[in-house]
Structures are given as C-alpha cells and as structure tokens.
1. Which number in (1) in a helix (DSSP H, G or I); (2) more than 25 Å from H67 (Cα to Cα); (3) of a type outside the set (A, V, I, L, M) marks the one condition that Q150 misses?
2. Residue under question is K218, and the condition is that it be touching a helix residue (DSSP H, G or I) at 6+ places or on another chain (Cβ under 9 Å) and surrounded by fewer than 19 Cβ atoms within 10 Å (Cβ to Cβ); does it hold?
3. Considering only the stretch 197-230, state which residues are part of a loop (DSSP other than H, G, I, E, B) and either of a type in the set (A, V, I, L, M) or not assigned by TED's automatic domain parsing to the domain that holds A164 (or both).
4. Quick one: would you say K163 is outside the structural domain of H67 (by TED's automatic domain parsing) and surrounded by 14 or more Cβ atoms within 10 Å (Cβ to Cβ)?
5. Select from the stretch 186-212 the residues that are among the aliphatic types (A, V, I, L, M) and surrounded by 12 or more Cβ atoms within 10 Å (Cβ to Cβ) and list them in ascending order.
6. Of (1) in contact with an Asp or Glu (Cβ under 8 Å, 6 or more places away or on another chain); (2) closer than 26 Å to K231 by Cα, N44 satisfies all except one. Which?
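The values are calculated or read from the model by the stated rules, or taken from the named source; none is laboratory data. None of the values given here were measured: they were computed from a predicted structure. Quick reminder, even Gly has a Cβ in these numbers, built from the backbone with ideal geometry, and neighbours come from all protein chains shown.
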Amino acid sequence: MAEWRVHVQGDQLHLETLRETLANYDPSIIREGNDYYLISKEWNQLDDARTIHNRAEEFVRLVENAHYLHSRDIAPLTIGAVVRIDDDGRQHHVLIAAHGTLNVNLQPVRLRATGTTTAPDKELSQETAEHQLIRFLRAAQKKSDVRDAQRFYRKGDWNGLYKAYELVRDDVNGEKQILSRKWILRTELKRFTQMAQSRAGLGDDARHASKKYTRPAKPMSLLEAKEIIGKLLRSWIDSVAQ
C-alpha cells in the first residue's frame with residue numbers, strides 16, 4: 001500500500017512544537033532533515049493526490065484555529081507538494097495547482113524519521129493525548145459548531161466573538177445553562193452582550209443600529225471580550241471533547 005505525505009511549511013520552532021504535540025494523534029507531523037510532513041493512516045487508504053491535499057489543507061486550518069484559541073499565538077502554516085511513496089520506495093511528488101497537477105517521479109528512496117526513538121512512556125503518552133490543543137482538535141473534528149466557533153473567534157472582531165458565543169449558547173440550550181456551568185460570570189456576560197449590541201458603545205461595529213441597545217455602565221474593551229469569550233469557548237470545547 002502506498003504511503004502519502006504532505007509537505008508542510010512554517011516557522012520551524014512552531015512546527016517542531018506541533019510535531020511533538022501531535023505525536024499520538026492522526027493526522028500527525030513527522031520531520032525528515034529540515035522538512036516537515038503531515039501524515040495520516042486514513043490518507044493511505046485514498047488514491048487521489050488532490051483529495052489528500054484538500055484534507056491536509058482542511059486539517060491545517062483546524063490546527064491554526066485551535067492553536068489560536070489555545071494560546072492566541074499562531075504562525076501560519078502552508079501546504080506544499082503531496083508525496084506518494086510506493087512499496088519499493090519510489091517517490092512521486094505531486095504539485096497541486098489551481099487548474100491541475102504536476103507529477104515528478106524520483107528515484108527509489110525510503111524516507112525514515114530522524115531522531116532517537118524510545119519505548120513509549122505510558123504517563124507521557126497519556127499527558128500528550130490530553131494536551132488542550134489535542135482536545136480542541138478532537139472536538140472540532142467531531143462537531144461542526146466547534147469548527148465554526150473557533151473560526152469566528154479567530155476573526156477577533158465583535159461580530160465574530162458574538163457569533164462564537166451564540167454557537168455555545170445554542171448548543172447548551174440557552175444562557176442559563178452557560179451560567180449554571182460557571183463558564184462565565186453573569187456580570188461579564190451581560191457586559192459583553194450589551195457592548196456587542198450597542199451602537200453607542202461600538203459605533204458601526206455593533207450588531208444593532210437601534211438606540212434601544214445601550215452600552216453597559218462599565219464599557220468592555222475588545223481585548224477583554226476576547227479573554228472572556230476565549231475562556232467560555234475553552235470550557236465548552238473541553239466538555240465536547242470528553
């Protein structure tokens with residue numbers, strides 16, 4: 001059976017951190033010299049390079065959005081060539097373009113992961129599996145609302161933050177459920193929703209133009225809104241990933 005890999009590029013320190021974090025996940029990242037590749041057991045069941053390229057791009061976007069929610073610090077990742085390795089070690093590099101593909105066949109060579117391998121440590125494997133980024137990815141692949149909420153949150157504006165909040169609210173059947181789970185303080189939530197809807201507070205960035213939506217007595221900054229909605233999303237996603 002052919003083995004598929006997708007070249008991924010970005011900040012080397014970030015890629016190395018992701019490689020370690022995703023070690024027990026699928027898809028995961030491996031390193032060959034100075035190059036990094038996305039691999040997946042599921043992709044090895046497929047036979048179309050463009051489909052694998054699209055799956056890799058989708059996963060990279062999930063990683064970026066989940067990582068942003070996890071740390072608010074993300075270096076962009078880009079997808080390069082798709083590599084098919086035959087049973088005899090022959091490599092086929094497929095460059096996916098907007099209007100077609102370019103195949104480049106190279107001499108047989110079997111790529112091997114570099115570095116020292118050790119017997120898996122049970123406690124370390126369990127800790128890695130519970131890394132918050134892994135939980136966020138697992139939940140995003142499981143539930144479309146999580147994918148959308150992470151994407152809206154990453155937009156970083158008031159409309160995006162409010163949409164992310166709405167997805168959580170609808171998923172748990174209302175504001176009361178959010179408050180009962182202590183994911184956010186009532187006072188914080190009220191200030192956030194008032195500010196997000198008030199044209200007096202946000203001008204044209206507000207969700208409404210009507211003057212009946214007044215700003216809170218203690219206005220909320222966008223940075224503060226990101227903090228409390230980020231906390232809300234992390235709590236919700238943790239519950240989804242259980």
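1. (2)
2. Criteria met by K218.
3. Let us first name the residues in the stretch 197-230 that are part of a loop (DSSP other than H, G, I, E, B), namely 198, 206-221.
Correct list: A206, A209, A217, M220.
4. Values: outside the structural domain of H67 (by TED's automatic domain parsing): yes; surrounded by 14 or more Cβ atoms within 10 Å (Cβ to Cβ): yes.
Answer is yes for this residue.
5. Matches in the stretch 186-212: L189, M195, A196, A200, L202, A206.
6. Of everything listed in (1) in contact with an Asp or Glu (Cβ under 8 Å, 6 or more places away or on another chain); (2) closer than 26 Å to K231 by Cα, N44 misses just condition (2).
Yes/no matrix, rows are residues, columns are (1) part of a loop (DSSP other than H, G, I, E, B); (2) modelled with pLDDT of 95 or more:
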{"position": "M1", "(1), (2)": "yes, no"}
{"position": "L18", "(1), (2)": "no, no"}
{"position": "A23", "(1), (2)": "yes, no"}
{"position": "I30", "(1), (2)": "no, yes"}
{"position": "Y37", "(1), (2)": "no, yes"}
{"position": "N44", "(1), (2)": "no, no"}
{"position": "D47", "(1), (2)": "yes, no"}
{"position": "R61", "(1), (2)": "no, no"}
